[in-house]
Amino acid sequence: MLKQRIITALILLPIALCGFFLLNGGDFALFIGVVVTLGAWEWARLAGLVAQSLRVAYAAVVAGLLMLLYLMPDLAPWVLGASVLWWGLATWLVLTYPRSSELWASAACRLLIGLLILLPAWQGLVLLKQWPLGNWLIMAVMVLVWGADIGAYFSGRAFGKRKLAPQVSPGKSWEGVYGGLVLSLVITAAVGIYRDWSAGELMLGLFGAAVVVLVSVVGDLTESMFKRRSGIKDSSNLLPGHGGVLDRIDSLTAAIPVFAVLLWAANWGAM
C-alpha cells in the first residue's frame, strides 16, 4: 500500500504542479474542469447512482455546467455565495448526523449537493488564477489546508482524546483540529511578517486563515458523512493507494471557495 501511494504521488505531483502553475486562461479552466468532472463521476456513486451510464451522465452534466460558468463569468458571485451558504448548512448536517441524514436521503438531493460542492471549487480556483499573485494565492490556500492536515495528524496522535464527530469520522479529534489550526496560523503569521503586513492586515489574515482551516475540516467531514451513509470506504480507486479524487480534494472543495470569498470581501479582486 505504501509503495502504491508513493508511486502514485510521484506520478501525480508533477502533473498537478504543471497544471496549477503553468497553465492559464482556458487551459487552466479545462485542467481543473477535468479534475472536477472526475470528482462528479465519483460523487454520483455517493449519491446512490450504481449504473455506470448514470454516473457518466452526471459527470457530463457537471462538465456542461462548468463550460456554462466559463462562458458566463458574471455568475461567479452567485456560485460562490451559494457555496458559503452550503458549507454553513453542511456544518450543521455533520454535527447532527445521523439524524440529519433524513434531510438528504434522496438521490436527487445528494446530486444537487454535489453541484454545490464541485462547481464552486472550480469557480474559486478559476477566479483566484485571474487575480494578482494568482499562483501564490492558489499555493496559499493549499498550504493552509495541508498545514492543517499535518498539524491535525500529529496533534491528534499525541493528544487526541475528545472525538470531533464520532458518528462521521471516529478517528478525528478536537485536539487534532486545534493542532492543525495552530500550525496554519503560525504559517500565516510567518508569511505576514515576511511580507511586512501591518498589525491590522495580520489580524485579518489570521482570522481569514482560521475560517478557511475550519471550513476545510467541514469539507473533509462532509465527504466522510456521505461515504458512511453509502457504506463506501473510498470514493473510487482511480488513484492507487490514495482512493479517489474526492478523497484527495474534499477539504479543498470547501476551503477554496470560502478563501476566494474572503479575498473578494477584502477587496483583493473584483467579481
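Every number here is computed from the coordinates shown, using simple stated rules; none is lab data. Predicted model, so just to flag it, every value in this text is computed and none were measured. Note that each Cβ is placed from the backbone with ideal geometry, even for glycine, and that neighbours are counted across all protein chains shown.
Determine the shape class of segment 69-190: with a ≥ b ≥ c the square roots of the Cα gyration tensor eigenvalues, call it rounded for a/c under 1.5, and otherwise prolate if a/b is greater than b/c, oblate otherwise.
It comes out oblate by the Cα gyration axes.
If you place +1 on the Cβ of every Lys and Arg and -1 on the Cβ of every Asp and Glu, how big does the dipole about the Cα centre of segment 79-223 come out, in debye to the nearest 20?
It comes to approximately 300 debye.
If you filter segment 197-271 for trypsin sites (Lys or Arg not before Pro), then keep DSSP loop positions with at most 15 other Cβ within 10 Å, what is left?
233
With a 10 Å Cβ neighbour count serving as the proxy for reagent exposure, in which order, fewest first, do 139, 72, 203 appear?
Fewest-to-most ranking of 139, 72, 203: 72, 203, 139.
Sequence gap at least 6, Cα distance under 8 Å: using those rules, report the relative contact order of segment 2-265 to the nearest whole percent.
The normalised contact order for segment 2-265 reaches 24 percent.
Amide H neighbours of residue 160 under 5 Å, counting only residues 5+ apart in sequence or on other chains, H built in-plane at 1.01 Å?
none
With Cβ to Cβ distances under 14 Å as the rule, what net charge do the other residues near residue 105 carry (K, R +1; D, E -1)?
Result for the local shell: +3.
Towards the positive end of the charge dipole of the chain, with charges on Cβ (+1 Lys, Arg; -1 Asp, Glu), say which of 249, 15, 66 has the farthest Cα.
Toward the positive end, the furthest listed residue is 249.
With a ≥ b ≥ c the root eigenvalues of the C-alpha gyration tensor of segment 1-91, is it rounded (a/c under 1.5), prolate (a/b larger than b/c) or oblate?
oblate
R0 = 41 Å: FRET efficiency of residue 178 with residue 60, Cβ-based, nearest 0.05?
In this case the efficiency is close to 0.45.
Please list, ordered by chain and number, the residues whose modelled amide H lies under 5 Å from the amide H of residue 165; skip anything fewer than 5 residues away on the same chain.
Under 5 Å from the amide H of residue 165 lie the amide H atoms of 172, each far enough along the sequence or on another chain.
Which trypsin sites (Lys or Arg not before Pro) in segment 69-174 pass both tests, a DSSP loop state and at most 16 other beta-carbon atoms within 10 Å?
Loop-located and lightly packed - 161, 162.
Just name one of 169, 137, 206: the one whose Cα is farthest towards the positive end of the charge dipole of the chain (beta-carbon charges, Lys/Arg +1, Asp/Glu -1).
Checked the options; the winner is 169.
Report the label-to-label distance for residue 108 and residue 266 in nanometres (one decimal), using points 7 Å from each Cα along the Cα→Cβ vector.
4.2
Taking only C-alpha pairs under 8 Å that are 6+ residues apart, what is the relative contact order of segment 125-246 in percent?
This gives 20 percent for segment 125-246.
Taking other Cβ within 10 Å of each residue's Cβ, how do 96, 37, 253, 188 sort, fewest first?
Final ranking by Cβ density, sparse to dense: 96, 37, 188, 253.
If each residue's Cβ is checked for other Cβ atoms within 10 Å, how do 20, 154 rank with the fewest at the top?
Placing the least packed residue first, the sequence is 154, 20.
Using helices alone, I'd like the mean residue ellipticity at 222 nm for the chain: each DSSP H run of four-plus residues gives -39500 (n - 2.57), total over residue count, nearest 500.
It comes out at -27000 deg cm²/dmol, rounded to the nearest 500.
Measure out, as a whole number of angstrom, how far apart the alpha-carbon centroids of segment 52-74 and segment 87-135 sit.
Comparing the Cα centres of segment 52-74 and segment 87-135, I get a distance of 16 Å.
Between residue 186 and residue 157, what is 0.36 nm times their sequence separation minus the Cα-Cα distance? Round to one decimal in nm.
Between residue 186 and residue 157, full extension yields an extra 8.5 nm.
In debye, nearest 20: dipole of the chain around its Cα centre with unit charges on the Cβ of K, R (+) and D, E (-)?
With only Lys, Arg, Asp and Glu charged at Cβ, the dipole is about 860 debye.
Say each of residue 30 and residue 135 gets a label point 7 Å from the Cα, pointing the same way as Cα to Cβ; how far apart are those two points in nm?
2.0
Specify whether the C-alpha gyration tensor of segment 2-265 places it in the rounded, prolate or oblate class, a ≥ b ≥ c being the square roots of the eigenvalues: rounded for a/c under 1.5, otherwise prolate if a/b is larger than b/c and oblate if not.
Rounded.
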